Amino acid sequence: MEHGQSRLPQSLAFPDDRPAASRLADVPANPESPRMTPSGVARLWQVGGWLLVAAIICLSLMPAPPDLGVEQGDKIGHLAAYGFTMLWFAQRRTALRQRLWLGLGLVTLGVAMEYAQRATGYRTFEVADMAADALGVALGWLAAPPRLPNFLIWAEKRLTRIF
C-alpha cells in the first residue's frame, strides 16, 4: 500500500483522503500569473494551526488572561480553544491514527500548560481545566470531517481560483 492510500473501500473512505493536489487537479492554472497552489494553502493552514497552539500557550501563561465575564468562563475558553484547534488540524489529518496522535498531543499540551501555570507562581493548577481541554479535543474531533464539511478543501478551492 502506498503512502496516503486508504485501506477502506472508496465508498467508505473519507472524501478527503487523497492529497490536496489530486483533489484539485481540475483547477485550471494560469501560467501568466503566480497562483496559490493547493499545497500552498495546506502549508498556510498548517501555519494557522501552529499559531493557534502558540496562542494557547501565550494565553495559558499570561499573568491576567482575558475574562469572559461569566462564571467558569475560563473553562469555556479552554473548551473552545482546544476544540477549535483540534477541528482546525483535523481538516488535514483525516486518518484515524493521525487524529489519535493529534488528540493525544493536544491533551498533553493542556496537561503541560497546567503544570507550567503552577510553576509560574501567578497562575493556578486546575484539574477541571485539563478536563475542559480534553472535552474540547473530543468535541473538535467529533465535529471534524466527515461530520462537518472539510474547510481546508473549501479554502483550497476558493483561494486557488482567486490567487
Residues other than TRP50 with Cβ under 14 Å of its Cβ, Lys/Arg counted +1 and Asp/Glu -1, net out at +3
Quick note on LEU152, LEU102, LEU52, LEU96, ordering by fewest other C-beta atoms within 10 Å, gives LEU96, LEU52, LEU102, LEU152
The extension gain from TYR122 to LEU68, computed as 0.36 nm times the residue separation minus the Cα-Cα distance, is 17.5 nm
Taking LYS157, LYS75 and counting other beta carbon atoms within 10 angstrom, the fewest-first order is LYS157, LYS75
Proxy exposure order for ARG99, ARG158 (fewest C-beta within 10 Å first) is ARG158, ARG99
Sequence order, region 54-65: Karplus ³J(HN,Hα) from phi using 6.51 cos²θ - 1.76 cosθ + 1.60, θ = phi - 60°, Hz rounded, Gly and Pro as x, gives 4, 5, 4, 5, 4, 5, 6, 10, 6, x, 10, x
Within the under-13-Å Cβ sphere about GLY103, not counting GLY103, Lys/Arg +1 and Asp/Glu -1 give a net charge of +2
Of all GluC sites (Glu not before Pro) in region 81-163, the ones in DSSP coil with at most 15 other Cβ atoms within 10 Å are GLU126
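Laboratory data are not the source of any read-out in this text; all were calculated from the coordinates shown. Predicted model, so just to flag it, every value in this text is computed and none were measured. With ideal geometry, Cβ positions are generated from the backbone for all residues, glycine too; neighbour counts draw on all protein chains shown.
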